[in-house]
Amino acid sequence: TKDSVYFTDYYNRIVETVNTTAASVGMNGALHKNKSTENSRLIVALSAIGKNATSIGDWNLVEAYSANGFEWIEKQGLNGTIWALIALDSNNYATSDATIRQQCVDAILAAQHDDGGWSLMANKTYASDPDMTGMALTALYPYRDQEAVATACAEAFACLSEMQHDNGTFASGGSECSESCAWVIVACTTWGINPDTDARFVKNGKSVVDGLLSHYLESEAQFQHIVGAGANGMA
């Protein structure tokens, strides 16, 4: 439960870390001078355990986005803008700069490739990547009433469907991996799509869920990044 000893201990350690780190960085609650995802990832985690990220120790982690501006958010490229949106919407946080969310949405849309996908690098000569495309779809869902977002996301799902391999898996960087399958599943379920039955994500009778489970090692009750590579805690 959210009030368990485990989460209480975690939160207490986070408060101590945030107080020290934010003071050291000296940028209005930012936890890193260049990596806005340091704030974003932590905000998501705090929201998940029922904590308000606007009051963590001496700091407001959400205010860092407005106080440091979009320039700070996008220093990390597409990861920065995507995760800023996911973080802000993880608990419907208000921002003192009301334009921050739309700036993130516009930047994500501008980075979309002609085939409908996204890649880590803004340079559109890079091939679309299922991980980044899944992340972008997840971040954009709350803004689906915007016509440009709805159109972009329809194209992105079509792109993901084309990326899927015949065994149901997805590949990033040329390797079929569990994370790519996971991000496609997250994007689908965010949008109310069943990734195990929707025809767009089933190839030769194998769904993306089957693709993910092909990376599972039952004997160790763990997943692996790449089939045959062995169990991996992050996977």
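The values are calculated or read from the model by the stated rules, or taken from the named source; none is laboratory data. Not measured: the values here are computed from a predicted model. As a convention, Cβ positions derive from the backbone with ideal geometry for all residues, glycine included, and neighbour counts pool all protein chains shown. In case anyone asks, the SASA skips ligands and DNA or RNA and just uses the protein heavy atoms, side chains included. Shrake-Rupley method; radii C 1.70, N 1.55, O 1.52, S 1.80 Å.
Which residues, counting only those in segment 214-235, are of a type in the set (A, V, I, L, M) and open to solvent by less than 80 Å² (accessible area, probe 1.4 Å)? Those that are of a type in the set (A, V, I, L, M) and open to solvent by less than 80 Å² (accessible area, probe 1.4 Å): LEU217, ALA221, ILE226, ALA229, ALA231, ALA235.
The residues in segment 168-205 that are closer than 24 Å to ALA127 by Cα and among the charged types (D, E, K, R) can be counted, and the count is 4. Residues in segment 131-151 that are surrounded by 20 or more Cβ atoms within 10 Å (Cβ to Cβ) and among the small types (Gly, Ala, Ser) were compared, and the one that is nearest to ARG200 (Cα to Cα) is GLY134. Condition test on ALA122, is it of a type in the set (A, V, I, L, M, F, W, C) and modelled with pLDDT of 95 or more? No. Suppose the filter is among the β-branched types (Val, Ile, Thr), crowded, with 18+ Cβ neighbours inside 10 Å and under 22 Å from the mean Cα position of the chain (by Cα); does VAL202 pass it? For VAL202, the condition - among the β-branched types (Val, Ile, Thr), crowded, with 18+ Cβ neighbours inside 10 Å and under 22 Å from the mean Cα position of the chain (by Cα) - is not met.
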